[in-house]
Structure formats: structure tokens, C-alpha cells
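The next block holds one structure in the form of C-alpha cells; read it before the comments.
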């Protein structure tokens, strides 16, 4: 190891060495930094200085330097100007951004129309389809699935003609707004297994499945009589009652029992009988407090247009 | 100091290196402790109840944060999808916070109340049964594993030490009544932690199985409270820009 005194120019390359010498002749070049790197470094320093002036940067006491850049937006009806920050930037973007403004215009247009007009107006409907598809994906698809086809046994299909709570726009809006609590009691204590099978046979016979006719006749007496009392919600004709969320049992559209997926007549009957035995409770949450009026309206129109809106 | 003496003294080099690189951290972190606007003043944010806190522990244990963030950023598209952007105040009682840095699954900062308890339970047991295109793994054992809450008091005391206002004395309890209301303050009293945990799990029966308090009860209780504490309708647009 050597010192400053040994520092000299390397004769061969004319490059300064650091002056360190190891093992007698092993030296270390002291090459200057590449020009591009050095200027790049100075540029970052200048960038930082400019940035500090424009944007919030340095903490001082219990505050900080706010920078010269400002954002003006509206808050509570008054114009407000403050230093640049992402929250103010968002507020401004929501108020005056090109796409936000266009979106708001469309939202106002749709909010001001009644359902008849929306469903008939191609301009509104194309906006509704685009916007509500996103809302549906966020709020509804977790249960009803992205396409609205639901899950057999759990969540209703919104693409068919089957409406537990009614398929008019007003009924759909009510469902969305206040939610629904669907309840069918289990009959395990009321009906024995033969009777359960008979009720199942009757319900299947209404949908033209082949069942034992005697069973079906006995089932009809249970269904329409006081033994089962099924008619109280589903109606004497088993056409359902939308005010109770009681489904129509005659249209061969099955939400909670996988009748169509059953592989044999006996399995089909068993599935229905088991369902009657266990009963079911399903909840649709209320969205009145979570979605804006315009969003509820658009989702209603969207769901109505998915399939058999009434 | 001579350059050479620094380069030839490893101990000194380490100390000076640490001193230099800590400047960046100090400049960025230390002011957060004394700048007035770091945490917004906002009503409604409260500590977790014992059951929610145990749910949060399970959330961390199962590594939910590796795929789910809890941070709605202030962008228009995020507001449209998730709701109001997250506030610092909303994670002030989180130790450690679960902001996360990667969204393989959706953000969960405002998932509370979005789905029913039944949905959450079914989805945690078998996600694909509800969302066929999901790649989330199932967590079926949560529904069958009884929740261990024997150490809930120790856990709450640990959180109290890092600043969560759980109460151990009557004075602290009274302060909580003042601050959060009597109903909540009762839940934050460490002396009643076990009863409160059992009580909440039985009253709300998150997992649909009233007989046992399972880990599912806890994690669903936690998920259902996420992002629901602040009533944003009480504040103007842009109000929270104040705190930036």
C-alpha cells in the first residue's frame, strides 16, 4: 500500500492511477466517469430541484413545502384551490375530466328517463348495457354469475322467464332496492317420507315428467289440502305468487333443485322430495343504500333486458 | 476523515454506510409522526372487536394479503369499482396494515357488507362453486376448525402496547365510552374479551353453524367489517384532499 507520493501517470496509457500499489506493481487506474453518465447525474439533480419547486416535497416542522403547482376543484358549491395532490386531482377529474363529464351526462339522461323510454332508446340502452355490465360484475356477479345465469341450487338465473319475485321493471327495482328474503319451511316434521315422495311426484307431473299417477294424485291432495298447505304460497294452480317469492312450479324452470340435471326419474323425485323435506332460505341483500339512483335504474333495465323481462 | 481510513476499516465503513442510507428513510418516515395532516380526522373508525381481531389474525396467517390488497387508490376507475378511496385513518388500528402490493384477486378494502355471510362462507370453502373462473384456492378447514381464543386477552394487550385503545382499567373504559360509544367500548374491554368474542360469534353466527365457534366465524366477521366504519356520505367531495 502506498500514499499520495506514489501517485503518478501511467506511462503507457497516460491515465492517472489512484496511487495505490499492491504486490510491488499492481496499480489502480483512476479513470474519469463517462461523460453520458456524469451529465445524466447532473440532469437528475436538476430534475429534483425543479420537482421540489412544483410538487409537495420537504417536511418542515409540522407541515411541508407544498410546491407551486395547484389544483382547482369544487367543494360544497365553492371553488377551491389547493396544492397538488392525488386526492384533489381525483376530485377535479371526477368533476371536469372528459370521460367523467360524458359519463355524468349519460347518467343524468338515464336518471331522467322512465323505464319505458330507456328500454326503447337505443342511445340510453347502449350506455346502460356498458355501464351496468360493470356494476353487475362488481355487485351482482358474485352470486348471479358474470352472465347472470346464476347457480342451480343457490342463486337465481336472471336470463330466463322464471321470476320468483316478479319480472316487471318495478318489481326488479324493488328487489334490488330492498333485497329479498326467500323462505320455504322444511316439511320433515309435517310430512313422512311417503308423503314427501307424493308431493314431489305431483310437482314433477305438473312439468310433464313421468311419475306414478297414484303418487301424483296423493301429492296433489297434500299440495292443495291442509296436510301440506303448499298452495298457500305457490297457489292452487302452482303458478307461484311473486309477492311471497314463491316460484311457479309448472314451467320446468328450476332454480333450487337440479331437476334437469338428474339422471333418472327416481333421482329426480328424490331430489325434489329432499328439498321439500329440508326447505330453503335465501337472501338477496338490499342495495338502496349502496348504489346511486341512476345505478339502480340502470341495473334494473339491464337485468330486465337480460332475458325474459316482463 | 481520510478516505483510506474508511476503506480499510470494515467496522467504520459499515457504520458510515448505515448512516448514509438511513437518511432516505428518516426523511420519508420520521415527518409522518409529527406532520399534522398525516392521519385524517374522521368519525367512525374504531378498533376491531375481539372476534374481528381473531379473524384478522387468520387473514394474515392464511396469507390473504399475498393476493388481495386493502387499498383503494384515488383514481376514478377504482372509485367506480370499489367505492371511496382508502383513508390512512381506516387502517390506524391495523398492526400491521394489510394494504398489500399486489392484486391477483380484487381489492378487499371495502368488501364489508358487499356479500352475505352465506356467500362468504361458501366462497371461502369452495370459490369455484360461486365464481367458476376464479383461481382462488379453497379454505375448507376454516369451517371445521374451532377458533382458538384462549389467548385473546394477551393478543389485545399486545395491540394495546402499540397504540390500539383497548381498555384494561375503568378509566380507559370510560374514555372509550366517550370516544366510541358504550356499545363499542364494551367490546374493547380486554377484561371481557373472551365473553365478548363468544357473544358476538353466537349472536351473529357468521358461519351458519351455531354449535361451534369456528375460524370461519372470525374471518367472516372481519371481512364483513372491512371498509364499513366511515360514513362517506357525511363528507363533501374533495374534503379529504385537506389531509394531503
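Quick rundown of the values:
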| read-out | value |
| --- | --- |
| Some residue of the stretch A:98-109 being touching a helix residue (DSSP H, G or I) at 6+ places or on another chain (Cβ under 9 Å), surrounded by 15 or more Cβ atoms within 10 Å (Cβ to Cβ) and outside any helix (DSSP H, G or I) | no |
| Residues located in the stretch A:54-91, provided they are more than 9 Å from chain B (Cβ to nearest Cβ) and part of a strand (DSSP E or B) | A:70, A:72, A:78, A:79, A:81 |
| Qualifying residues in the stretch B:24-54 (those that are more than 15 Å from residue A:57 (Cα to Cα) and in a helix (DSSP H, G or I)) - the one farthest from the chain's Cα centre (by Cα) | B:33 |
| Test for residue A:262: is it closer than 24 Å to residue A:167 by Cα and touching a helix residue (DSSP H, G or I) at 6+ places or on another chain (Cβ under 7 Å) | no |
| Given (1) away from chain A (no Cβ under 13 Å); (2) not in a helix (DSSP H, G or I), index of the condition residue B:65 fails | (2) |
| For residue B:173: the one exception among (1) in a loop (DSSP other than H, G, I, E, B); (2) touching a helix residue (DSSP H, G or I) at 6+ places or on another chain (Cβ under 8 Å); (3) surrounded by fewer than 22 Cβ atoms within 10 Å (Cβ to Cβ); (4) more than 14 Å from every other protein chain (Cβ to nearest Cβ) | (1) |
| Neighbours by Cβ (under 7 Å, 6+ apart or cross-chain): first from the stretch B:61-74, within 20 Å of residue B:92 (Cβ to Cβ); second not in a loop (DSSP other than H, G, I, E, B) | B:72/B:78; B:72/B:82; B:74/A:86; B:74/A:87; B:74/A:90 |
| Total residues in the stretch A:242-287, condition touching a strand residue (DSSP E or B) at 6+ places or on another chain (Cβ under 7 Å) and not in a strand (DSSP E or B) | 3 |
| Count of the stretch B:12-37 residues which are without any contact (Cβ under 8 Å) to a residue 60 or more places away in the chain, within 14 Å of another protein chain (Cβ to nearest Cβ) and surrounded by 13 or more Cβ atoms within 10 Å (Cβ to Cβ) | 2 |
| Unique residue being within 21 Å of the chain's Cα centre (by Cα) and crowded, with 18+ Cβ neighbours inside 10 Å when the list is B:130, B:124 | B:124 |
| Given (1) more than 30 Å from residue B:188 (Cβ to Cβ); (2) without any contact (Cβ under 8 Å) to a residue 40 or more places away in the chain, number of the condition residue B:136 does not satisfy | (2) |
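The numbers here are math on the coordinates, done by the rules we state, and not lab data. Keep in mind the model is a prediction, meaning the values are calculated, not measured. A quick note on method: Cβ atoms are made from the backbone with ideal geometry, for glycine too, and the neighbour counts reach across all protein chains shown.
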